[in-house]
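Every read-out reported here was derived from the displayed coordinates using simple, explicitly stated rules and does not represent laboratory data. Computed from a predicted structure; not experimentally measured. Cβ atoms come from the backbone with ideal geometry, glycine included; neighbour counts cover every protein chain shown.
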Amino acid sequence: MLQLVITDQLQANDDHKNQNKGQVFMKNKRIYLSIAVVLFLLFLPYIAWQLDSEKKFDVLILDKTVPDQTYQEHKGITWVLNHYKYLKNDGTLYDLAQDYSGFHPQEEKQYHISQLSENMKEYDLIYMADTYGVYENEYYDENKEGTRSELIYGGLTDEEVAYIEEKYISQHVPVIAEFNSFASPTSPEVEQRLTSLLGIQWNGWSVRYFNELDPELKSDIPQWIIKNYEQQTNENWNLSGSGYVFVKNDESVLVLKEGQDFEGEGIRFEFNERGQEFFDTSLSSHYDYWFDIVESDSSEVLAEYSLGLTESGKQHLSDYDIENTFPAVTRNIKSKTPAYYFAGDYADMPVTPSIVRYKGMDWLNKMISRLQGNASHSFFYRAYLPMMNIILQEEYDEKNSDIERD
């Protein structure tokens with residue numbers, strides 16, 4: 001009898017152990033399955049990017065403003081091309097450090113210059129990221145205070161604008177230019193030739209919103225602006241709070257103050273009616289860097305800036321003969337070939353996502369930027385990426401189509 005009880009107890013223990021093993025197995029199975037699902041979902045966008053069709057599209061990027069090896073001024077356009085899988089004709093992605101014409105910084109403050117006019121390759125599009133150039137204090141001393149110094153290399157030359165005119169007019173290569181492509185240190189004659197190609201006129205003014213005008217609290221206000229303001233007004237720069245700083249190519253400085261001359265939190269970028277038709281969407285975004293004030297000549301305006309000016313602010317602009325309209329994106333057509341002008345530093349990105357081969361990364365960062373509000377990088381994801389996606393696709397389709405432009 002005792003043996004039977006012991007046997008039953010042992011059997012019960014075995015059954016309990018087996019039951020526990022089964023439960024542990026099922027629990028582990030669910031964990032492993034969950035991990036597998038998460039990994040699959042994480043890798044799915046990478047797989048989708050790999051399966052996307054490659055688009056051979058050679059873009060010539062011009063950037064003369066590369067004072068260090070961050071390549072900040074053309075980092076944005078390089079990321080866009082690689083993320084949307086526009087490849088060079090040799091089938092490779094664009095190299096941030098190599099695939100551009102202009103100033104190439106090297107170790108121990110050495111540098112190399114690749115001349116635009118010496119480039120004999122055939123291109124599908126020209127992108128002018130920046131021609132402002134590199135200056136001695138910036139390159140050798142970092143120039144954190146924003147003082148002016150001697151130019152090492154910069155400005156658009158006669159030979160370069162002739163090269164761009166030849167590509168655009170004779171070979172029908174589309175052009176995208178952005179601030180600063182024709183301002184100082186480019187000569188007025190070269191400026192006029194490029195702005196004529198773009199179908200715009202520049203009145204010499206550029207403007208930027210600063211959320212703090214006190215240089216002790218905000219270090220990125222250049223010292224030469226403060227110096228010029230004090231010389232013109234015979235007053236000390238005793239300014240604080242947020243404001244717009246207007247500067248002209250003749251050294252003039254105008255400051256508009258929040259609450260008095262404008263309302264709101266700075267510059268808003270918006271598609272106008274024509275822009276909504278062209279890009280097939282409405283768009284509004286905060287913009288927080290320099291832009292130049294241009295007027296449409298033969299070009300059409302697709303987007304505009306809004307500064308929230310009061311009557312006082314409008315009167316100040318009128319006193320300086322500045323129009324109260326601010327085109328942000330223009331499109332000019334010559335010989336059925338488009339030339340776009342972005343009146344802002346759109347491709348300038350201090351940091352871009354390290355992951356390029358990941359489909360949907362643009363959408364993900366756009367959603368994150370919405371949650372972050374008017375963060376400094378929000379314009380890149382909410383405005384620049386959608387615009388470039390459409391423009392590049394249109395030009396790629398045109399390249400591979402026998403249909404003439406409308």
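Summarising the amide proton neighbourhood of residue 125: residues at separation of 5 or more, or on other chains, whose placed amide H is nearer than 5 Å comprise 60. The peptide list 277-289, 177-189, put in order of mean Cβ contacts within 10 Å with the highest first, becomes 177-189, 277-289. In terms of other Cβ atoms within 10 Å, 92, 337 run from fewest to most in the order 92, 337.
Pairs spanning more than 31 Å between alpha-carbon atoms, out of 85/334; 167/227; 64/88: 167/227. For the peptides 247-256, 101-110, 120-129, 378-387, the ranking by packing is 378-387, 120-129, 247-256, 101-110, with the highest mean count of neighbouring Cβ atoms within 10 Å listed first. Largest first, the three principal axis extents of the alpha carbons in the range 55-399 are 58, 47, 38 Å in whole numbers.
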